[in-house]
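Colleague: Below is one structure. I have some questions about it.
Coordinate-derived values only; no laboratory data. Computed from a predicted structure; not experimentally measured. FYI the Cβ positions are ideal-geometry reconstructions off the backbone, even for glycines, and counts take in every protein chain you see.
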Amino acid sequence: AITETDYIWMNGAFKPWHECTVHVLAHGLHYGSAVFEGIRCYDTPDGPYTFRMADHMKRMHHSGRVYGIDILYSTEVLMEASRALLRKNDLRSAYLRPIAFKGYGDIGVAALNSPIEVVIAAFPWGAYLGDEGLRDGIDVCVSSWNRLAPNTVPPGLKAAGNYLSSQLISQEAKARGFAEGIGLGTDGLVSEGAGENLFLVHNGALYTPPTAASILSGITRDTVVTLARHMGYTVVEQTIPREMLYIADEMFFTGTAAEVTPIRSVDRFAVGNGERPITRAIQDAFFGLFDGRTQDHWGWLEPVGTE
Ligand code: PMP
């Protein structure tokens, strides 16, 4: 269940959590016409800092642009509203969920004149795939459902409708006793998890599917690619055939919610010999950004600050 906080920012104003409702005939509810983001705020030794918020807000604007969901608030305004929301709710560590959607007014599919509602919520949210998963790794499967094909519902945008595919993959995985599912593209090549990007280690190098492989170009994926190269690892963005999953030495998921979560088995094949030196080094570098062990050379962290 979601942990409620006091306020939500809705269309420019802070409102009490329970007053932030929409009409049952809102367009986004019927047709998936919403674009959103997930952003984390970490409680660092220097106080609460948001992580790559500008990149997330920019991606939400880009997603909205393609769907005709015009977000009237600039990324700067959304960022300032997010910081103010975190302060108002007294949150030090949180998950932020900005969303923009076609609201109530037009029930036609195109709904070119729908009002666009913009909302930001912030609430506490721990490890998406569990603290145990972060430490010991998770068991995953390859889904019988393929991921979205390019030129259909674009997988590179973060739109609500994409998560129907994610729900099929994730629900099937859980029903079969796995923590999460991996989707293959319609070309049969590896794409991503239901809500995570995928990396594997092969002969000491890191591999991840390219942005053309029916994936969301994750901001955590970019963070890991950047950190890994900075640490001297070779990172190869290339198409990954399914069988490579079963012979990888190490494997992990990345995502804002999932952070860096090791994978210990795929379709009941144990990953490597169970040791994860490279995954561990990447996890240390990633989580080190938030406890001061890793220097932020890239300007990814921004203080929530005081009023
Ligand atoms: N793929 C999908 C389908 C996702 O939902 C997410 C989570 N936003 C990711 C990848 C990871 O993206 P990010 O690192 O930007 O959170």
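Colleague: Take HIS230, HIS23 and order them by how many other Cβ atoms sit within 10 Å, fewest up front. Please report the intermediate quantities before stating the final value.
Modeller: Values: HIS230 13, HIS23 10.
Sorted ascending by nearby Cβ count, the order is HIS23, HIS230.
Colleague: Moving to a separate point now. Pairs of lysine in the chain with Cα under 29 Å and at least 8 positions apart or on different chains: total?
Modeller: Summing the qualifying lysine pairs gives 11.
Colleague: Now for a different question. If a/c stays under 1.5 just call it rounded; otherwise compare a/b with b/c (prolate if a/b is bigger, oblate if not). Do that for the stretch 117-250, with a ≥ b ≥ c from the square roots of the Cα gyration tensor eigenvalues.
Modeller: Numbers: a/c = 1.26, a/b = 1.19, b/c = 1.06.
Rounded is the answer for the stretch 117-250, as its axis ratio a/c remains below 1.5.
Colleague: State, as an integer percentage, the relative contact order of the stretch 1-100 based on alpha-carbon contacts under 8 Å between residues 6 or more apart.
Modeller: Details: 112 pairs, mean separation 34.3, N = 100.
In percent, rounded to a whole number, it is 34.
Colleague: State, as an integer percentage, the relative contact order of the chain based on alpha-carbon contacts under 8 Å between residues 6 or more apart. Could the numbers behind the result be given before it?
Modeller: Numbers: 633 pairs, mean separation 59.7, N = 307.
The value is 19 percent.
Colleague: Take the alpha carbon gyration tensor of the chain, find the square roots of its eigenvalues, order them as a ≥ b ≥ c, and report rounded if a/c is under 1.5; if not, report prolate when a/b exceeds b/c, else oblate. Display every interim value, and only then the final one.
Modeller: Details: a/c = 1.92, a/b = 1.30, b/c = 1.47.
Because a/c hits 1.5 or more and a/b fails to exceed b/c, the chain counts as oblate.
Colleague: Can you tell me how the stretch 226-270 classifies by the Cα gyration tensor, rounded, prolate or oblate, using a/c under 1.5 as the rounded cut? Before the final figure, lay out the partial values.
Modeller: Details: a/c = 2.05, a/b = 1.34, b/c = 1.53.
Since a/c reaches 1.5 but b/c is at least a/b, the shape of the stretch 226-270 is classed as oblate.
Colleague: Against the longest alpha carbon principal axis of the chain, how many degrees, from 0 to 90 and to the nearest 10, is the axis of helix 75-88 turned?
Modeller: Between the helix axis and the principal axis of the chain, the angle is about 90 degrees.
Colleague: Going by Cα centres, the stretch 1-71 and the stretch 177-252 are how many Å apart?
Modeller: 27 Å
Colleague: Taking θ = phi - 60°, what integer Hz values does the Karplus form 6.51 cos²θ - 1.76 cosθ + 1.60 yield along the stretch 6-12, in sequence order, with x for Gly and Pro?
Modeller: So the Karplus estimates, Gly and Pro as x, are 6, 10, 10, 8, 9, 6, x Hz.
Colleague: Which residues' amide hydrogens lie under 5 Å from the amide hydrogen of ALA160, considering only partners 5 or more residues apart or on another chain, with H built in the peptide plane?
Modeller: Long-range HN contacts for ALA160: ALA34, VAL35, PHE36.
Colleague: A further question on this structure: Would you mind checking which residues have amide H under 5 Å from ALA149's amide H? H placed 1.01 Å from N; only 5 or more apart, or other chain.
Modeller: Amide H neighbours of ALA149, under 5 Å, 5+ apart: none.
Colleague: With +1 on each Lys and Arg Cβ and -1 on each Asp and Glu Cβ, and nothing else charged, work out how big the dipole of the chain is about its Cα centre, in Debye to the nearest 20.
Modeller: Values: 25 positive and 35 negative charges, 76 e Å.
Using only the charged Cβ atoms, the result is roughly 360 debye.
Colleague: For CYS141, CYS20, what's the fewest-to-most ordering of other Cβ within 10 Å of each Cβ?
Modeller: Values: CYS141 20, CYS20 16.
Ordered by Cβ neighbours within 10 Å, fewest first: CYS20, CYS141.
Colleague: Which one, GLY28, ILE2, TYR73, projects farthest toward the positive side of the charge dipole computed for the chain from Cβ point charges (K/R +1, D/E -1)?
Modeller: GLY28
Colleague: Here's another thing I want to ask about it. Where does each of GLU259, GLU76 land when they are ranked from fewest to most other beta-carbon atoms within 10 angstrom?
Modeller: Details: GLU259 22, GLU76 10.
Going from least to most buried by this count: GLU76, GLU259.
Colleague: Enumerate the amide H contacts of GLU192 below 5 Å, restricted to partners 5 or more residues apart or on another chain; note that Pro and chain-start residues carry no placed amide H.
Modeller: GLY183
Colleague: On to the next question. Residue by residue, what Karplus-based ³J(HN,Hα) values in Hz, rounded to whole numbers, does the stretch 126-135 have, using 6.51, -1.76 and 1.60 with θ = phi - 60° and x for Gly and Pro?
Modeller: In residue order, the calculated couplings are x, 5, 4, 9, x, 5, 5, x, 4, 8 Hz.
Colleague: Can you tell me the 0 to 90 degree angle between the C-alpha axis of helix 219-230 and the longest principal axis of the chain, rounded to 10?
Modeller: For 219-230 against the chain, the angle is about 40 degrees.
Colleague: To continue, here is another question. From the phi angles alone, apply the Karplus equation (6.51, -1.76, 1.60; θ = phi - 60°) to the stretch 235-240 and give each ³J(HN,Hα) in whole Hz, x where the residue is Gly or Pro.
Modeller: 10, 10, 9, 8, 4, 10
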